[in-house]
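Participant: Starting off with a structure, shown below.
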Amino acid sequence: MNSKFHGTLKVPGDKSITHRALMFGALSEGTTRVHHPLPSEDTRRTMECMRALGAEVEEKQEEWVVTSPGARHLHAPGKRLYTGNSGTTTRLLTGLIAGLGLSAEMEGDESIAKRPMDRIQRPLAEMGADISLKDDKFPPIVIRPAELSPISYTMPMASAQVKSAILLAALYTEGTTVIHEPSPSRNHTEIMLKQFGADVSAENGVIRLEGGNELSPSDVTVPGDISSAAFPIVLAVLKPGSSISIENVSLNDTRSGILDVLEMMGADVTVEQTSHIGEALGTVHASYTPHLKGFEISGGMIPRLIDEIPILALLAAFSSEACTIRDADELRYKETDRIRAVIDELSKFGIRFTEYDDGFTVHPGQVSIEENTETKGYNDHRIIMMLIISSIVMDTPIEIDDISAIDISYPGFMEDLETLRKDA
Ligand code: S3P
């Protein structure tokens, strides 16, 4: 049935910010209230890990309440920590536990077992941490107590997870840790650390943290996740007759690259910023746009939209010009190799790609798929949601092997789409 999509939506809370609020709450003595958290599989892994370290987390409607005895009173977990599918939990927690001088073992699901952890182990070992990995690269991660010292570290890639693991580890060292970023990655850790009372500054790609200060609890209001909003936004732009608004969504500049690309393409998308205290947020309006221009993106733009590249690939297929994404080799190390997954699955829609080691070009052409074609979601939430949007845009039902991983980041995704659907 050919539908239009209309109405106003609030997407679930930002995943990156929810993880950090739970962690900083656990490090602060007292009570931290997290309003509008993301209640997803990934963030619940962080919640369970914080409980295992000795913090209490109470789940209330629309609010999670973290009560902690403070960083100095957290303890080694009694059992191996399980981080599920969550790279953010795994990497940030390694820094946090090493920084507290505790011992722990950590492992996740099949996808986490294949994700590189040497990128955090290297700087943390430079600080003095004792961390072993399987084959020097992969989980399970074994952390043994050690005293850490501050470092000056130049990151080989723009990664907020690596940067945050170092900052968490540096919190209880005596002295200044300095991190140089090749290009700006999401800065939620820096913003929230400041809010919790840490002595941290960030300027021109250099982040400095003065260790040795205790964090104090602070309430966090989590904006909607722009990485989740990206799916209904692209749907509205591609589906004739559609027009939607998404309220209270994060507009943090380190995350809003997709809005810049939509502008480059000439899409009918407008943004109203409603607040800029700490994390910027506002409303995004998106409407059907019949003619979309091409784009070429690379370099510093990539970390600002790294999680949106699967859905951008679909958007690109509807442009009248070629669209190219380069310098995105990090995509090969996500929940799955997202360059491969995007090309393999969207090729089933007749979309033509040129593949590079670090990205792809999407060529203009006819997009169509046969009814009930079998596609694969690779247990990757963002690939699955991209396939669902593709099927709706094409108005053609497809088979997806397993869609349960949607709950990793966007519980209620299907229901939200139904709320917006207006039958033609
Ligand atoms: C995240 C950082 C990014 C992003 C991931 C969440 C975070 O990963 O892709 O979904 O919360 O810090 P990298 O740090 O590996 O780029």
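The values are calculated or read from the model by the stated rules, or taken from the named source; none is laboratory data. These numbers come from a predicted model, not from an experiment. Positions of Cβ are backbone-derived with ideal geometry, glycine not excepted, and every protein chain shown enters the neighbour counts. Each accessible area value is taken on the protein alone, full model and side chains, heavy atoms only, with ligands, DNA and RNA left out. Shrake-Rupley method; radii C 1.70, N 1.55, O 1.52, S 1.80 Å.
Participant: Between the stretch 309-324 and the stretch 1-26, how many Å separate their Cα centres?
Facilitator: Centre-to-centre distance over Cα atoms comes out at 24 Å.
Participant: Still on this structure: Tell me which lysines have Cα within less than 24 Å of Lys194's Cα, excluding those fewer than 8 residues away on the same chain?
Facilitator: Those lysines meeting the cut-off are Lys15, Lys163.
Participant: If N is the number of residues in the stretch 223-422, what value comes out of its Cα radius of gyration divided by 2.2 N^0.38 Å?
Facilitator: Its radius of gyration relative to the 2.2 N^0.38 Å reference: 0.95.
Participant: How many percent of the alpha carbon pairs in the stretch 15-221 exceed a separation of 23 Å? Could the numbers behind the result be given before it?
Facilitator: Details: 7964 of 21321 pairs.
Result for the distance tail: 37 percent.
Participant: If you place +1 on the Cβ of every Lys and Arg and -1 on the Cβ of every Asp and Glu, how big does the dipole about the Cα centre of the chain come out, in debye to the nearest 20?
Facilitator: 340
Participant: Provide the FRET efficiency to the nearest 0.05 for the Glu415-Asn2 pair, computing r from the beta carbons and using R0 = 30 Å.
Facilitator: Efficiency, from the Cβ-Cβ distance: 0.90.
Participant: Averaged per residue, what accessible area in Å² does the stretch 15-221 show with a 1.4 Å probe, protein chains only?
Facilitator: Result: 38 Å² of accessible area for each residue.
Participant: Going Cα to Cα from Lys137, which aspartates and glutamates come in below 14 Å? Please leave out same-chain ones fewer than 8 positions away.
Facilitator: Once the sequence-local aspartates and glutamates are set aside, what remains near Lys137 is Glu107, Asp118.
Participant: Please report the relative contact order for the stretch 241-398, taking Cα pairs under 8 Å with a sequence separation of at least 6, and give it as a percent rounded to a whole number.
Facilitator: Result for the stretch 241-398 is 18 percent.
Participant: Only sites in a loop by DSSP and with at most 11 other Cβ atoms within 10 Å count here; which GluC sites (Glu not before Pro) in the stretch 329-424 make the cut? Walk me through the intermediate numbers first.
Facilitator: Values: sites: Glu330, Glu335, Glu345, Glu355, Glu370, Glu371, Glu374, Glu399, Glu415, Glu418; in loops: Glu335, Glu370, Glu371.
Hits after loop and neighbour filter: Glu370, Glu371.
Participant: Same structure again: Mind listing P(r) for the stretch 377-420? All alpha-carbon pairs, 5 Å bins, whole percents.
Facilitator: 5, 24, 30, 30, 10, 1
Participant: Between Glu29 and Ala125, what length in nm is gained on full extension when 0.36 nm per residue of separation is reduced by their alpha carbon distance? Mind showing how you got there, number by number?
Facilitator: Values: separation 96, 0.36 × 96 = 34.56 nm, distance 2.77 nm.
Taking 0.36 nm per residue and subtracting the Cα distance, the gain is 31.8 nm.
Participant: Same structure, new question: Please give the Cα centre distance for the stretch 329-391 versus the stretch 183-250, rounded to the nearest Å.
Facilitator: 27
Participant: How large a share of the accessible area of the chain, in percent, is made up of carbon and sulfur atoms when the probe is 1.4 Å and the other protein chains stay in place?
Facilitator: 45
Participant: Hey, quick one: spin label on Lys422, modelled 7 Å out along Cα-Cβ, who in the stretch 234-249 has an amide N within reach, i.e. under 18 Å?
Facilitator: 234-247
Participant: Which three numbers, in whole Å and largest first, are the semi-axes of the equivalent ellipsoid of the chain derived from its Cα gyration tensor as √(5λ)?
Facilitator: Numbers: eigenvalues 269, 97, 81 Å².
Gyration-tensor ellipsoid for the chain: 37, 22, 20 Å.
Participant: Would you list which lysines come within 19 Å of Lys4, measuring only between C-alpha atoms, while excluding same-chain residues fewer than 8 positions from it?
Facilitator: Partners found: Lys239, Lys422.
Participant: Distance in nm between label sites at Gln366 and Asp135, each 7 Å beyond Cα in the beta-carbon direction?
Facilitator: The modelled label-to-label distance comes out at 4.3 nm.
Participant: Right, something else. Be a star and scan the stretch 30-71 for residues whose amide nitrogen sits under 16 Å from the point 7 Å along the Cα-to-Cβ vector of Ser275.
Facilitator: Answer for the stretch 30-71: 33-38, 62-64.
Participant: Rank Val342, Val271, Val362 by mean-square fluctuation in a GNM of the chain with C-alpha springs under 10 angstrom and give only the top-ranked residue.
Facilitator: So, out of Val342, Val271, Val362, the one fluctuating most is Val271.
Participant: Please give the charge dipole size of the stretch 42-189, origin at the Cα centre, charges +1 on K and R Cβ atoms and -1 on D and E Cβ atoms. Round to the nearest 20 debye.
Facilitator: My answer is approximately 200 debye.
Participant: List residues of the stretch 182-221, by number, whose backbone nitrogen lies under 20 Å from a label position 7 Å along Cα→C-beta of Glu63.
Facilitator: Under 20 Å, as judged by backbone N against the label point of Glu63, lie 196, 216-221 of the stretch 182-221.
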